[in-house]
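S.K.: Here's a structure for you.
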């Protein structure tokens, strides 16, 4: 797939089939992720691959409950209260895989480096016919002691990018992009 096609074609996928993803395909998207640049070549990333549907269901329920109990002041929760309170809403959209990219080194740039890896991972997944979506609703719970323990994360790993991956269950619409503000300085 052409790079431009991947950049312009990749979308946040929120509908998935139940088809499993073979481990070599997941390893391939992780290999693409680690090709991302990192500050001073620190490569501060680790990957936790979760394919257990029962644990994904538990995380979805726990994350929704945490957000409703202690909303972030930065999040306009009123926009999401009904959705998060709905027992049928699954924050992972029943995707078969969650890949959690974690910062493994304490560096001022590790979060940015993991985010760059996440973009590579999502573009690679799209190029291989998979859908993906960064799930911000999972972030707060995954950072808790309970969340870290549920995934068995090593003590030095800090969750940065929870990304679901799976075979798309449909075609996502192309969102309109606003014209960016660009300041030219010559």
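The values are calculated or read from the model by the stated rules, or taken from the named source; none is laboratory data. Not measured: the values here are computed from a predicted model. Heads up, the Cβs are rebuilt from the backbone with ideal geometry, glycines too, and the neighbour counts pull from every protein chain shown.
S.K.: Which one of the conditions (1) without any contact (Cβ under 8 Å) to a residue 24 or more places away in the chain; (2) under 24 Å from residue 23 (Cβ atoms); (3) surrounded by fewer than 18 Cβ atoms within 10 Å (Cβ to Cβ) does residue 150 fail to meet, given that it meets all the rest?
M.R.: (1)
S.K.: Conditions: (1) within 21 Å of residue 15 (Cβ to Cβ); (2) crowded, with 21+ Cβ neighbours inside 10 Å. Residue 176 meets all but one. Number of the miss?
M.R.: The number of the failed condition is (2).
S.K.: Please list, ordered by residue number, the helices (runs of 4 or more DSSP H) wholly in region 40-151 having 2 or more residues that are in contact with a strand residue (DSSP E or B) (Cβ under 6 Å, 6 or more places away or on another chain). I'd like the intermediate steps shown before the answer.
M.R.: Working: elements: 53-69, 81-85, 110-127, 139-142, 145-151.
Correct list: 110-127.
S.K.: Mind checking whether some residue in region 96-114 is at pLDDT below 95, more than 12 Å from the chain's Cα centre (by Cα), crowded, with 16+ Cβ neighbours inside 10 Å and closer than 23 Å to residue 148 by Cβ?
M.R.: Checking region 96-114: not a single residue is at pLDDT below 95, more than 12 Å from the chain's Cα centre (by Cα), crowded, with 16+ Cβ neighbours inside 10 Å and closer than 23 Å to residue 148 by Cβ.
S.K.: Can you tell me how many residues within region 152-186 are assigned to a strand (DSSP E or B) and out of contact with any helix residue (DSSP H, G or I) (no Cβ under 7 Å at 6 or more places or on another chain)?
M.R.: Here is the first cut: in region 152-186, the residues assigned to a strand (DSSP E or B) are 158-166, 168.
Applying the additional criterion that residues be out of contact with any helix residue (DSSP H, G or I) (no Cβ under 7 Å at 6 or more places or on another chain) yields 158, 164, 166, 168.
Residues that pass the stated criteria total 4.
S.K.: Name the residue that is modelled with the highest pLDDT, counting only residues in region 84-95 that are over 19 Å from the mean Cα position of the chain (by Cα) and more than 24 Å from residue 19 (Cα to Cα).
M.R.: Out of the qualifying residues, it is 86.
S.K.: Give just the number: which of (1) surrounded by 20 or more Cβ atoms within 10 Å (Cβ to Cβ); (2) more than 28 Å from residue 7 (Cα to Cα) does residue 83 not satisfy?
M.R.: Every condition holds for residue 83 apart from (1).
S.K.: Also, quick follow-up: Looking at region 7-26 only, could you name the residues that are assigned to a helix (DSSP H, G or I), surrounded by fewer than 14 Cβ atoms within 10 Å (Cβ to Cβ) and either modelled with pLDDT under 95 or touching a strand residue (DSSP E or B) at 6+ places or on another chain (Cβ under 9 Å) (or both)?
M.R.: 7, 8, 23
S.K.: For region 41-56, how many residues are surrounded by fewer than 14 Cβ atoms within 10 Å (Cβ to Cβ) and in contact (Cβ under 8 Å) with a residue 12 or more places away in the chain?
M.R.: 2
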